[in-house]
1. Can you name the condition, by its number, that residue 397 falls short on among (1) surrounded by 15 or more Cβ atoms within 10 Å (Cβ to Cβ); (2) at pLDDT 70 or above; (3) within 27 Å of the chain's Cα centre (by Cα)?
2. Residue 150 fails exactly one of the following numbered conditions: (1) touching a strand residue (DSSP E or B) at 6+ places or on another chain (Cβ under 9 Å); (2) buried (at least 17 other Cβ atoms within 10 Å of the Cβ); (3) in contact (Cβ under 8 Å) with a residue 24 or more places away in the chain; (4) outside any strand (DSSP E or B). What is the number of that condition?
3. Only residues that are modelled with pLDDT of 90 or more and within 16 Å of residue 131 (Cβ to Cβ): list them for the range 1-25, please.
4. Starting from residues that are buried (at least 16 other Cβ atoms within 10 Å of the Cβ) and part of a loop (DSSP other than H, G, I, E, B), keep the ones in the range 318-334 and report whichever is modelled with the lowest pLDDT.
5. Could you look through the range 412-422, keep only residues that are part of a strand (DSSP E or B) and without any contact (Cβ under 8 Å) to a residue 24 or more places away in the chain, and pick out the one that is nearest to residue 468 (Cα to Cα)?
6. Every residue in the range 156-175 that is within 24 Å of residue 10 (Cα to Cα), within 40 Å of the chain's Cα centre (by Cα) and free of Cβ contacts under 8 Å to residues at least 24 places away in the same chain, please.
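The values are calculated or read from the model by the stated rules, or taken from the named source; none is laboratory data. Remember, predicted model here, so these are calculated numbers, not experimental data. Cβ coordinates were reconstructed from backbone atoms using ideal geometry, including for glycine residues, and neighbour counts include every protein chain displayed.
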């Protein structure tokens, strides 16, 4: 088996969103008292480093922005990255706090070899200002450990892995025991690996020796595959609050990329997106985007959100952005047309519906759904755009029905409109139904023509004539 280890060294910073071009000094801090875990390039250039007390860093760099570490957000970011990894492996496992491992033995041939597979994976995982370390190795723990060391190389087999591990410092292989081992005269990983296992277990404990066996491939190392949850929920903290609605498009684009990877992992698409804008000093603002048909195209979803944001007036600055999708719809695979010139009948109509809903509001755009009822006034109902359809009409029906049937007059014994007699076509439709639900009808419907040649739909009931609609 071959395992691809991925390590995201900037993950504690990546869970925040920074405006493009903003390189102010920042540092992620943790602990009590707080110490620097990770700093931006500008902060490190000014002397801020990992492990430094926050007080010392603030004294060193004027205007340094401390950011609290968010372990839950980091785990959520790893899970979203694992969804992307599902394109390359059916076994993607989390390796917290900053890594993933993918079993790629069955994918190497599909993608044309190790380097092609690694390049495709890195392109899929890529994000602005993201750095990814990787290693392809014969054991999952070996791939994880060497990726965390920034090896960025292919370790072909177990003997090669043994040589690579032999060159590592003791602080990498045994960080909790490196001082004790160096006191014994050991310097590199090779010195440690050459010692008898029994003696190592007595000095360092059996758990560490078992980990070393899994690292070297001498013991099985089963990995729990990551399975995405049934619902999508992601939150992105903004490094600085913003009161410009259009400025939210950039962080929203990150969330949409994660959503589409999540939907692809489920083999489905979304039909309703809920955006939550966390406002400082005000209630969260909910923005719902409905789609006429399920979709997982980032550009499509971003365009609909842009329509909403360009018309949005914020009550207070936004400090975080959240995206939720509660239901995943199955997405039928796309089959290309046999004839290239065949028109796509629904795409333009669906785009129009979605754009009108976003601009005018959900309640301003409606469609008609046909129902299985012979009575015209009960054979339809309002529905959301794109969700119409239903059983076909039992006979020709006009597209324009009056809210209520209009009584017609009689001229020389024939039904008349505006004192002009109507000419009836010979076919008629008899409807007698509804006795079971309190709305009985017994009618004879005709298609009639007036003096201008317009076709009308009329009926006779209890000896009286009524106009129902126009063709």
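1. (3)
2. For residue 150, the exception is condition (2).
3. Those that are modelled with pLDDT of 90 or more and within 16 Å of residue 131 (Cβ to Cβ): 5, 6, 7, 8, 9, 10, 11, 12, 13, 14, 15, 16.
4. Taking the range 318-334 first, the residues buried (at least 16 other Cβ atoms within 10 Å of the Cβ) are 318-325, 328-329, 331.
If we keep only those that are part of a loop (DSSP other than H, G, I, E, B) as well, we get 328, 331.
On the way: 328: 94, 331: 80.
Checked the range 318-334; the qualifying residue modelled with the lowest pLDDT is 331.
5. Start the filter on the range 412-422 by keeping residues that are part of a strand (DSSP E or B), which leaves 414-417, 420-421.
Now drop any that are not without any contact (Cβ under 8 Å) to a residue 24 or more places away in the chain, which leaves 414, 416, 421.
On the way: 414: 17, 416: 13, 421: 16 Å.
Applying the filter and picking the extreme gives 416.
6. Passing the criteria: 168, 171, 175.
Condition check ((1) in a strand (DSSP E or B); (2) in contact with a helix residue (DSSP H, G or I) (Cβ under 9 Å, 6 or more places away or on another chain); (3) under 30 Å from residue 294 (Cα atoms)) across all residues:
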position	(1), (2), (3)
374	no, no, no
397	no, yes, no
410	yes, no, no
424	yes, no, no
428	yes, no, no
432	yes, no, no
438	no, no, no
443	yes, no, no
465	yes, no, no
